[in-house]
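**Student:** One structure, pasted below without further comment.
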Amino acid sequence: MSKELIRLKDVSMKFDGDTILDNINLYFNDKEFLTLLGPSGCGKTTTLRIVGGFLVPTSGDVLFDGVRINDVPPNKRQVNTVFQKYALFPHLNVFDNIAFGLRIQKVAKPEITKRVQEMLEVVSLKGFDHRSVTSLSGGQQQRVAIARALVNNPKVLLLDEPLGALDMRLRKDMQQELKRIQREMEITFIYVTHDQEEALAMSDTVVVMDGGRIQQIGTPKDIYNEPKNAFVADFIGESNIVDGIMRSDGVVEIFNRKFRCLDSGFAPDEAVDVVIRPEDVDIVPESEGQLKGTVTQVTFKGMQYDIIVDFYGFKWLIQTTDFCPEGSKIGIKIDPDGFHVMKKSHYSGMFGDYSSYSEEYDEISDAESEAEE
Amino acid sequence: MSGAKSRRTAVLLGPYSVWAALFILVPLFFVAYYAFTDNSFNFTLDNILKFFTEQSRETGSRIYLDIFFRSLKLAVISTVICLLMGYPLAYIMTRAGERAQKIMMVLIMIPMWMNFLIRTYAWMTILQDTGILNGFIQSLGLQPIHIIGTESAVVVGMVYDYLPYMVLPIYSVMAKMDYKLVEAARDLGCNGLQVLRRVILPLSIPGILNGVTMVLIPSISTFYISQKLGNGKFFLIGDAIEGQYVSNNLHFAAAMAFILMVILLAAMALIKYLTGRREYEGGAKA
Ligand SMILES: Nc1ncnc2c1ncn2[C@@H]1O[C@H](COP(=O)(O)OP(=O)(O)OP(=O)(O)O)[C@@H](O)[C@H]1O
Ligand SMILES: [Mg+2]
């Protein structure tokens, strides 16, 4: 795409002897929308704080335009941050919050007024200049925080779960708006979220992290279609992950049956993880199926049914528009491009089984992660 | 329901109201009563007027007004010194680790557990011409200084006594402050000094006002410290009230106390009025 702006080189971070970031290697391109995605506690904020200059890595280098900036304090970096909980100045009104950075830079008064007004327009808060920030709604505060950072024309904007506190509807609107702002102002966005949908919808590049390590870097499509390991496959969207054996290039065996696939480059008879996305499975009459199973649970999801199907004791999630009653026997067909074969990793066997699936599953885990914050 | 609730509130407030009446209103009433009466309890303004008009026979200066202004001067000096020392101290405390914070807190509180007479005597032995301070200075090969019996000595004693009342309110406001605000300021280009001036200072104003009030009021009515550390040369308004009281001049003592109280109340009301407009919702309110 465009040229590299920031690079993290062999960056590790330890707190009290605990390794929180383990040898991170990552570069951020100019004008790119890059998202750090991962579960709570995986080190996203820590990575962002290293880029912002609030933390100095225990080892490794932070490079900006090729220059090492490990010890450059935040106020001397061409980077601005939108904090996880906004951190607006409660003693200043909306205008003064946004003007804060410009006043520090000693920008002339008329210019400050002009730029703040422009920003208020960009974030759709025209006429809010004199409102106290504590009287604003969450979404409005959030937009003030964005304006306060953007008005300084940073090269890079760091955003730490900026939409975390907003309701679903507002979240979707703000996603669009952020994307628009990023395109119009041509700024590099480094965006942190633990919401995979948000990451896929907004980013040019997604960096999936877990346990202080980068699991995969790629475009949203790459990450979804070609997950590198069971963790990524499970974290991004829904996945059935089963043990398989790569018999030869283009032939994978699961449940003792050989299937044609598009993957290659594995050793003959190498044990692998096989990902089958719920929407890549076709339901056919039992007699015509490549695999046969029993429907054990049906959930109506509006656009489609989520059904849980038991294949030889292993439960799959399948999304279908055909209604299959609970208890019915069905057959399935999977096209070669419906298989995605991955090397075994230490995540193998930990994900991708829907035995404990319940329709509330997602909501419960969401609520939990919010309560933790 | 709201009727029941307000009745409940009234019942709960009952004991407090009695307490407040007994220990606050009744004494206040007697102070005012004595201030405006003569020895046979007839109404008079003489005591009040005496405070403003009584002149020294030798110099012609107004005795009590002079004492009042001297008290005010020393109190303001002490308050300013307490603020200059207490503010950084409070800031350092909030930035220290949890353990260090607790230890510092205890160190600040310990002197408050000691009787203030004892504290004052301790300072006498330190500040005397042949005291600990001069012993130390001489051991460095320097000339001894004469400090006991000067206004400086009185200020030292007052600062020592009242410093905790400055530190604690400022600390409590600062400790509640969101550290992310400091990071946000750094992020927006502030160096350390600018962070202090543009974020920490404005947000700790409620604490500063509390601290100033809590130091200024007791220090303006200080007595005894001035007698001991000032060698009795610097009569303060507190000493004057005590002196009149001890010599059984209750009505004039009450008049002085009453005037002092009115002035302090007016000052507090003014501070409240000036700062009330600056208050913001949320954030670090005292
Ligand atoms: N200053 C610190 N001292 C000690 N441990 C820390 C510190 N900061 C972060 N950690 C630890 O580092 C780990 C990663 O924290 P981090 O805030 O980067 O996670 P995150 O990915 O942003 O999570 P979340 O999605 O919950 O915000 C956590 O286990 C956290 O407890
Ligand atoms: Mg975080």
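The values are calculated or read from the model by the stated rules, or taken from the named source; none is laboratory data. Since the model is a prediction, treat every value here as computed from it, not as a measurement. Cβ placement follows ideal geometry from the backbone for every residue including glycine, while neighbour counts extend to all protein chains displayed. Surface accessibility is based on the protein's heavy atoms, side chains included, excluding ligands, DNA and RNA. Shrake-Rupley method; radii C 1.70, N 1.55, O 1.52, S 1.80 Å.
**Student:** Pop out the ³J(HN,Hα) list for segment A:78-88 in order, Karplus 6.51 cos²θ - 1.76 cosθ + 1.60 with θ = phi - 60°, rounded to Hz; leave Gly and Pro as x.
**Tutor:** Values per residue, Gly and Pro as x: 7, 9, 10, 10, 9, 6, 3, 10, 6, 6, 6 Hz.
**Student:** Also, I was wondering about something else. By DSSP, what percent of the beta bridges with both residues in chain A are antiparallel, rounded to the nearest 5? If you can, show how the numbers build up before the last one.
**Tutor:** On the way: 62 of 80 bridges.
Roughly 80 percent of the DSSP beta bridges within chain A come out antiparallel.
**Student:** Using a 1.4 Å probe on the protein chains only, how many percent of the accessible area of segment A:239-372 belongs to carbon and sulfur?
**Tutor:** Details: 3450 of 7090 Å².
That fraction is 49 percent.
**Student:** Would you compute, from DSSP H runs of 4+ residues alone, the mean residue ellipticity of chain B at 222 nm, taking -39500 (n - 2.57) per run and dividing by the full residue count, rounded to the nearest 500?
**Tutor:** Details: 14 runs with 203 residues, N = 286.
Using -39500 (n - 2.57) per qualifying helix, the result is -23000 deg cm²/dmol.
**Student:** Answer rounded, prolate or oblate for segment B:36-284, using the Cα gyration tensor with square roots of eigenvalues a ≥ b ≥ c: rounded when a/c is under 1.5, else prolate when a/b is larger than b/c, else oblate. Walk me through the numbers before you get to the answer.
**Tutor:** Values: a/c = 2.50, a/b = 1.42, b/c = 1.76.
It is oblate, given that a/c is not under 1.5 and a/b is not larger than b/c.
**Student:** Sticking with this one: For the protein assembly as shown, just say rounded, prolate or oblate: build the C-alpha gyration tensor, square-root its eigenvalues into a ≥ b ≥ c, call rounded for a/c under 1.5, and beyond that prolate if a/b exceeds b/c, oblate if not.
**Tutor:** Values: a/c = 3.01, a/b = 2.51, b/c = 1.20.
Cα axes put the protein assembly as shown in the prolate bin.
**Student:** What value, in deg cm²/dmol to 500, does the helix sum -39500 (n - 2.57) over DSSP H runs of n ≥ 4 give at 222 nm once divided by the residues of chain A? Kindly include the intermediate steps, with their values, before the conclusion.
**Tutor:** Values: 9 runs with 96 residues, N = 373.
Here the helix-only value at 222 nm equals -7500 deg cm²/dmol.
**Student:** If you average 1/r over all unlike Cα pairs in segment A:239-372 and invert the result, what Kirkwood radius do you get in angstrom?
**Tutor:** 15.7
**Student:** For residue A:258, which sequence-distant residues (separation of 5 or more, or a different chain) have an amide H within less than 5 Å of its own amide H, given hydrogens modelled in the peptide plane?
**Tutor:** Excluding prolines and chain starts, which carry no amide H, there are no hits.
**Student:** Report the calculated FRET efficiency for residue B:84 and residue A:350 (r = Cβ-Cβ distance, R0 = 56 Å), to the nearest 0.05. Intermediate values should be presented prior to the final figure.
**Tutor:** Details: r = 60 Å, r/R0 = 1.07.
Approximately 0.40, to the nearest 0.05.
**Student:** Using the structure shown, list the pairs from A:228/A:344; A:292/A:333; B:73/B:233; A:76/A:114; A:31/A:155 with a Cα-Cα distance above 20 Å, or answer none. Write out the running numbers ahead of the final one.
**Tutor:** Numbers: A:228/A:344 9 Å; A:292/A:333 10 Å; B:73/B:233 15 Å; A:76/A:114 24 Å; A:31/A:155 8 Å.
Checking Cα-Cα distances, A:76/A:114 exceed 20 Å.
**Student:** I would also like to ask the following. Starting from the eigenvalues of the Cα gyration tensor, five times each then square-rooted, give me the equivalent ellipsoid semi-axes of chain A, largest first, whole Å.
**Tutor:** Numbers: eigenvalues 398, 120, 55 Å².
For chain A, the ellipsoid semi-axes come out as 45, 24, 17 Å.
**Student:** Can you pull the mean other chain C-beta count within 10 Å for peptide A:145-151? All intermediate terms of the calculation are to be shown ahead of the outcome.
**Tutor:** On the way: counts 1, 0, 0, 3, 3, 0, 1.
Mean partner-chain Cβ count within 10 Å for A:145-151: 1.
**Student:** Which of the trypsin sites (Lys or Arg not before Pro) found in segment A:48-125 are in a DSSP loop and have at most 10 neighbouring Cβ atoms, other than their own, within 10 Å?
**Tutor:** When the trypsin sites (Lys or Arg not before Pro) of segment A:48-125 are filtered for loop state and at most 10 Cβ neighbours within 10 Å, A:106 remain.
**Student:** Here's something else I'd like to know. Give me the percent of DSSP beta bridges within the protein assembly as shown that run antiparallel, rounded to the nearest 5. Provide the component values of the computation, followed by the final result.
**Tutor:** Numbers: 64 of 82 bridges.
Within the protein assembly as shown, antiparallel bridges account for around 80 percent of the total.
**Student:** Could you pull out every residue, at least 5 positions away or on a different chain, whose amide H is within less than 5 Å of the one on residue A:209? Hs are placed 1.01 Å off N in the peptide plane, and Pro or chain starts have none.
**Tutor:** Distant-sequence amide H within range of residue A:209: A:37, A:38, A:215.
**Student:** What are the ³J(HN,Hα) values, in whole Hz, obtained from phi via the Karplus relation 6.51 cos²θ - 1.76 cosθ + 1.60 with θ = phi - 60°, for each residue of segment B:32-42 in sequence order, with x given for Gly and Pro?
**Tutor:** 5, 4, 5, 5, 9, 10, 9, 4, 9, 6, 9
**Student:** Then there is this: Given a 1.4 Å probe and every protein chain left where it sits, what share in percent of the accessible area of segment A:4-225 is carbon and sulfur? Before the final figure, lay out the partial values.
**Tutor:** On the way: 4250 of 9070 Å².
About 47 percent, which is the carbon plus sulfur part of the accessible surface.
**Student:** Taking +1 at the Cβ of each Lys and Arg and -1 at the Cβ of each Asp and Glu, which of A:193, B:135, B:269 sits farthest along the dipole of the protein assembly as shown towards its positive end, judged by Cα position relative to the Cα centre?
**Tutor:** Comparing the listed Cα positions along the dipole, B:135 ranks first.
**Student:** Something else: Could you give the length gained on full extension between residue B:56 and residue B:109, defined as 0.36 nm per residue of separation minus the Cα-Cα distance, in nm? If you can, show how the numbers build up before the last one.
**Tutor:** Numbers: separation 53, 0.36 × 53 = 19.08 nm, distance 4.24 nm.
Value of the extension gain: 14.8 nm.
**Student:** Tell me, what % of the accessible area of segment B:36-284 is carbon and sulfur with a 1.4 angstrom probe? Let's see the in-between values first.
**Tutor:** Values: 8650 of 13200 Å².
Carbon and sulfur atoms account for 65 percent of the accessible area of segment B:36-284.
**Student:** Could you check the spin-label model distance between residue B:121 and residue B:25? Points 7 Å from the Cα along Cα→Cβ, value in nm.
**Tutor:** Distance between the two pseudo-spin positions: 4.1 nm.
**Student:** Related question: How high is the FRET efficiency from residue B:247 to residue B:102, r the C-beta distance, R0 35 Å, rounded to 0.05?
**Tutor:** 0.15
**Student:** Moving to a separate point now. So what are the ³J(HN,Hα) numbers for segment B:48-54, from phi and the Karplus equation (6.51, -1.76, 1.60; θ = phi - 60°), rounded to whole Hz, Gly and Pro as x?
**Tutor:** 5, 4, 4, 4, 8, 10, 4
**Student:** Could you provide, to the nearest whole Å², the per residue accessible area of chain B with probe 1.4 Å?
**Tutor:** Details: 16330 Å² over 286 residues.
Ligands and nucleic acids excluded, the figure is 57 Å² per residue.
**Student:** Also, quick follow-up: What total accessible surface area, summed over both chains, is buried at the interface between chains B and A, computed with a 1.4 Å probe and given in Å² to the nearest 100? Display every interim value, and only then the final one.
**Tutor:** Working: alone 17310 and 17980 Å², together 33330 Å².
For chain B against chain A, roughly 2000 Å² becomes buried.
**Student:** Determine the dipole magnitude for segment A:10-63: charges of +1 sit on the beta-carbon of Lys and Arg, -1 on that of Asp and Glu, nothing else is charged, the reference point is the Cα centre, and the result goes in debye to the nearest 20. The partial results should precede the final answer.
**Tutor:** On the way: 4 positive and 7 negative charges, 36 e Å.
It comes to approximately 180 debye.
**Student:** Taking amide H atoms as placed 1.01 Å from N in the peptide plane, list the residues 5 or more away in sequence, or in a different chain, whose amide H sits under 5 Å from that of residue A:85.
**Tutor:** none
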